[in-house]
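Right, one structure below, let's go through it.
The values are calculated or read from the model by the stated rules, or taken from the named source; none is laboratory data. Since this is a predicted model, take the numbers as computed values, not measurements. Cβ coordinates were reconstructed from backbone atoms using ideal geometry, including for glycine residues, and neighbour counts include every protein chain displayed.
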Amino acid sequence: MAVLVTGTVPLIFHSDQGTEFMAEAVVNFLQSKGVKISVSDKASPWQNGYKESFFGRFKDEFGDFNRFETVAELMEEIYSQIKYYNQDRIHTAFKMSPAAYAAKVSENPLHKRGT
C-alpha cells in the first residue's frame with residue numbers, strides 16, 4: 001500500500017516472518033519492483049525493534065480492541081489511530097511528529113543524505 005500511495009519504491013523491505021508479509025502476492029510484488037526482501041529470524045523480536053516498538057505503543061494507546069460493536073467501527077478507529085500516530089503524535093526520537101519530520105527533511109536536501 002505504501003508503494004502505491006507514495007509512488008516510491010524502497011530498496012529494502014524488512015519485516016518479521018508474518019504470513020501477511022510473506023504471502024506470495026506480497027513477495028511477487030516486491031520482487032517485481034526490484035526490492036530486496038529482508039526478514040527477522042523467527043522468535044527474534046529484537047531484530048525488528050521499530051515495528052515491535054510501534055505495535056507495543058499502538059496497543060497501549062489504542063485500548064481494548066473488543067470495545068467496538070462492529071468490525072467497521074474497529075477499522076475506523078484503527079485508521080484514526082494510525083493517522084494520529086503519523087500526523088500528530090510527538091515521537092521521542094524526532095521530538096516532533098513523523099509528518100513534521102518528513103516535511104523538515106524534504107525542505108533540506110542535505111539532511112536527507114545524512115550530512
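Data overview
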| read-out | value |
| --- | --- |
| Number of the exception - I90 against (1) of a type in the set (V, I, T); (2) surrounded by 10 or more Cβ atoms within 10 Å (Cβ to Cβ); (3) within 15 Å of the chain's Cα centre (by Cα) | (3) |
| Which numbered condition I37 fails, given (1) of a type in the set (V, I, T); (2) farther than 25 Å from A93 by Cβ; (3) without any contact (Cβ under 8 Å) to a residue 24 or more places away in the chain | (3) |
| Qualifying positions in region 11-43 - loosely packed, with under 14 Cβ neighbours inside 10 Å and in contact with a helix residue (DSSP H, G or I) (Cβ under 8 Å, 6 or more places away or on another chain) | E20, K33, D41 |
| Candidates V35, V39, V27, filtered to the one that is closer than 21 Å to P10 by Cα and either modelled with pLDDT under 90 or outside the structural domain of L4 (by the TED database) (or both) | V39 |
| Residues within region 13-64 that are among the hydrophobic types (A, V, I, L, M, F, W, C), more than 15 Å from the chain's Cα centre (by Cα) and part of a helix (DSSP H, G or I), tallied | 8 |
| Qualifying residue in region 81-90 (condition: closer than 26 Å to Q17 by Cα and either in contact with a strand residue (DSSP E or B) (Cβ under 9 Å, 6 or more places away or on another chain) or not in a helix (DSSP H, G or I) (or both)) | yes |
